[in-house]
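A short worksheet on the structure shown next.
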Amino acid sequence: TPPVFKSSQKTLTMVACGLTKHLCNYSSPKLISFPSIGCGSVKLVMYAGVVTYICCAFVFQKRYQEKEELTSAVRINLKGVAYADRIWDAAEYTMPMQASLNSTDSFFVMTNIIKTENQLQQTCPEYPIAKAICSSDKSCEKGSADVHGNGVQTGRCVQYNATYKTCEIMAWCPIQKEENPPVPAVLRNSEDFTVLIKNNIHFPTFNYTAQNISPKLNISCKFNKVTSPLCPIFRLGDIIKEAKENYSEMAVKGGIIAIEIKWDCNLDSWSHHCSPEYSFRRLDDKTRTHYAGFSFRFARHYKLPNGSEHRTLFKAYGIRFDVLVFGMAGKFNAIEFFTFLGSTITYFGLAVTIIEMCFCLYNCSNCCKIAFCENVIRKKYEAVLMPEQVMFVSHVDEPQIAVVKMPLKMSLQNAKSSVFENHFVKFYDPRIYESSENHSTGQCELRELTQNIPSSDCPKWCNCSRCNESEKYHEQLCCRKTDGPCITTTRWFMQLVLSRDTLNKALLYKDPFVDLTGHKSNSQLRRVAYKQYIHWRFGSFDLEDRAIVPNCCRKLIRNTYPNTDGQYTGFNME
């Protein structure tokens, strides 16, 4: 097998193993918890709002259901008889052709009329509209027709009445005059007419069909929003009243009324409900005087015994009723349920987002400093610094870890530093742990801790009087920030860092078969002593690579566990 092929195969195997390991691992975010009445109250209010929204959405909006719009068919039967100079029945006051011009779900009821009888095709003066008024034949153009006129001009100017002359036209004469409709309306009694609306609906997805007529329908019922809300028989006067209009006034010029049928169907077996809800409203704008109402013209033609044709022209005013059917059906669907539930669960994170935004805005502003917020931000946001660019320092008389950026331009002891994190000092007062039989020893050690022994050959940067002079800036570090006793004089330094028994146990804990008697034993003890100090003073081994052991501590560790040749490499661990 070629070496290139083996290398590629090995690479693919490593990639596959890495992917498998990644897929089998689980990562969880790290959170911090802190007591705060304000933040806790915001969180509880937001949680309560989300829970309320979820409950309302489930109960009222039924967001767990699959929804579908209906398909509908409407049939209309209108009944009623009125008398106005003669009998008017449903065949006369109902105009199906008017409905067909607009919608199959509409019907028109005539309420008022202007009638022009015995019209013949002949010449007569035009109605005096602006373009028809003339003073001589020159004002009239033969063969022209005005869209607002009633016929074709003959070219003659004739007398219309004592006031006006108009162009003569060939038309159905006498022409119908433009006049206001009669008041009160001719067929005002049509408000007592009744209409039966038959509505069938279908939901294809659910294969469900329904109608607004119950098998137990009482045919003598009349719709009433309170007593008979499901009756499909409507009195026209009641429809207009429900639309908040007056029938007598509306009958004069007519109008357009919407009969809305809303279906809100719940097809779940445990709460099945599917019935129509009726509502009514006026569609045309009655405030616009010149355009209010609804009217059109139609004619009835007759043959005279001599074979000539004449007609009766009607200008009909009335109410057009548009039946508008709409609605939805819903049925439980597991996918919809879990989709909605999953999306709303994310709303709980809104409370955390709002609180985090407040902390972020505070962190970006420099107007004021709040100790609580500073502490939370320090704990929550950790600055990631490159290890080779910083050093970590811990002084016995300061309650935090300090970070110093490299390169150094002065001694590490006096270099500018910043707080890395809150670090409660693990240096405890020896008096607390002294037993009664060692009381005198404790008193002597206490006196040793509270005394500052000056030294004439001590470096300027040293505050404990136990450091050695060094030319390297990063080695110029004392265990204290201010003058005071050295940490190496304490019983705890002796027990935790220098004690051979403690260090041997630490080595055996890591490697039970380690050789503690060889020539390298001092090197091993020295390294573990450094680690013990870092764990004691820095609280963790995580900072081991860049944590600096003070000059005085390093000197005592090296003197206790010296190298055979007296040579040491490195600074922290050697």
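Each of [x] 63.6; [y] 71.0; [z] 26.4 is a candidate for mean projected area of the Cα convex hull in nm²; the one calculated from this structure is [x].
For ILE233, the shell of other residues with beta-carbons less than 12 Å away shows a net charge of +3, using +1 for Lys and Arg and -1 for Asp and Glu. For a Förster distance of 51 Å, can you work out the FRET efficiency between the beta-carbons of LEU516 and SER271, rounded to the nearest 0.05? Computed FRET efficiency for LEU516 and SER271 comes out at 0.05. Here the simple spin-label model places points 7 Å from the Cα toward Cβ, and for THR163 and SER343 these points are separated by 6.8 nm. Atom-type composition of the exposed protein surface of the stretch 87-194 places 50 percent of the accessible area on carbon and sulfur (1.4 angstrom probe).
Across all Cα pairs in the stretch 107-217, the calculated P(r) in 10 Å bins from zero up to the longest distance comes to 12, 26, 17, 14, 11, 11, 7, 1 percent per bin.
Taking the longest Cα principal axis of the chain as reference, the axis of helix 349-364 is set at about 60 degrees. Placing unit charges on each Cβ (+1 for Lys and Arg, -1 for Asp and Glu) gives the stretch 308-407 a dipole about its Cα centre, and among SER308, CYS368, SER394 the Cα reaching farthest toward its positive end belongs to SER308.
Taking amide H atoms as placed 1.01 Å from N in the peptide plane, the amide H of ASN212 lies under 5 Å from those of ASN199, each 5 or more residues away in sequence or on another chain. In a simple Cβ point-charge model (Lys, Arg +1; Asp, Glu -1; nothing else charged), the chain has a dipole of about 340 debye relative to its Cα centre. The angle between the Cα long axis of helix 37-56 and the longest principal axis of the Cα atoms of the chain comes to about 40 degrees, rounded to the nearest 10.
Tell me the per residue accessible area of the chain using a 1.4 Å probe; a whole number in Å² is fine. List each step's numbers first, then the result.
Numbers: 35030 Å² over 574 residues.
Here the residues of the chain average 61 Å² of exposed surface.
The order of PHE348, PHE193 by accessible area, most exposed first and with a 1.4 Å probe, is PHE348, PHE193.
The HN-Hα couplings worked out from phi for the stretch 148-158 by the Karplus form 6.51 cos²θ - 1.76 cosθ + 1.60 (θ = phi - 60°) are 8, x, 10, x, 9, 5, 9, x, 10, 9, 10 Hz, whole numbers, x standing for Gly and Pro. When peptides 313-323, 58-68 are ranked by their average number of other Cβ atoms within 10 Å per residue, the highest-first order is 313-323, 58-68. Going by alpha carbons, how many degrees (0 to 90, nearest 10) lie between the helix axis of 3-24 and the longest principal axis of the chain? Roughly 70 degrees between the two axes.
Among the listed pairs LYS379/LYS555; LYS138/LYS303; LYS43/LYS380; LYS262/LYS286; LYS115/LYS198, those with a Cα-Cα distance over 29 Å are LYS379/LYS555; LYS138/LYS303; LYS115/LYS198. Share of pairwise Cα-Cα distances greater than 23 Å in the stretch 292-413 is 74 percent (whole percent).
Each stretch of four or more DSSP H residues adds -39500 (n - 2.57); spread over every residue of the chain, this sum gives -8000 deg cm²/dmol at 222 nm.
Go ahead and run the numbers for FRET between ILE354 and LEU283, Cβ-Cβ distance against an R0 of 45 Å, rounding to 0.05.
On the way: r = 46 Å, r/R0 = 1.02.
After rounding to 0.05, the efficiency reads 0.45.
Kirkwood analysis of the Cα pair distances in the stretch 38-184 returns a hydrodynamic radius of 22.1 Å. A full extension of the chain between LYS177 and LEU19 corresponds to an added length of 47.7 nm, given 0.36 nm per residue minus the alpha carbon distance.
Label sites at PHE58 and LYS416, each approximated as a point 7 angstrom past Cα along Cα to Cβ, lie 5.8 nm apart. Dipole of the stretch 144-272 computed with +1 at Lys/Arg Cβ and -1 at Asp/Glu Cβ about the Cα centre; of TRP172, THR154, ASN224, farthest Cα towards the positive end is ASN224. ARG297 exposes around 120 Å² of accessible area when a 1.4 Å probe is run over every protein chain in place. Counting charges near PRO29 (Lys, Arg +1; Asp, Glu -1) among other residues having Cβ under 13 Å from its Cβ returns a value of +1. On the beta carbon distance between LEU196 and PHE34, with R0 = 60 Å, the FRET formula returns roughly 0.25. Sorting LYS555, LYS177, LYS241, LYS165 on solvent-accessible area from highest to lowest, probe radius 1.4 Å, gives LYS241, LYS177, LYS165, LYS555. Taking other residues whose beta carbon is less than 12 angstrom from the beta carbon of LEU283, and scoring Lys, Arg as +1 and Asp, Glu as -1, yields -1.
Restricted to Cα atoms, the stretch 483-535 shows a radius of gyration and a Dmax of 12.3, 44 angstrom. Ligands, DNA and RNA aside, THR287 has an accessible area near 110 Å² when probed at 1.4 Å. Label-to-label distance for LEU120 and GLU249 is 4.5 nm, based on points extended 7 Å past Cα in the beta-carbon direction. For the stretch 233-370, carbon and sulfur atoms together expose 58% of the accessible surface, with a 1.4 angstrom probe and every protein chain in place.
The listed residues SER394, SER33 rank as SER33, SER394 when sorted by accessible area, largest first, using a 1.4 Å probe. Rounded to the nearest 10 square angstrom, SER27 shows an accessible area of 100 square angstrom against a 1.4 Å probe.
The values are calculated or read from the model by the stated rules, or taken from the named source; none is laboratory data. Because the structure is predicted, anything quoted here is derived from the model rather than measured. Cβ atoms come from the backbone with ideal geometry, glycine included; neighbour counts cover every protein chain shown. Please note that ligands, DNA and RNA were not included when accessible areas were found on the heavy atoms of the full protein model with its side chains. Shrake-Rupley method; radii C 1.70, N 1.55, O 1.52, S 1.80 Å.
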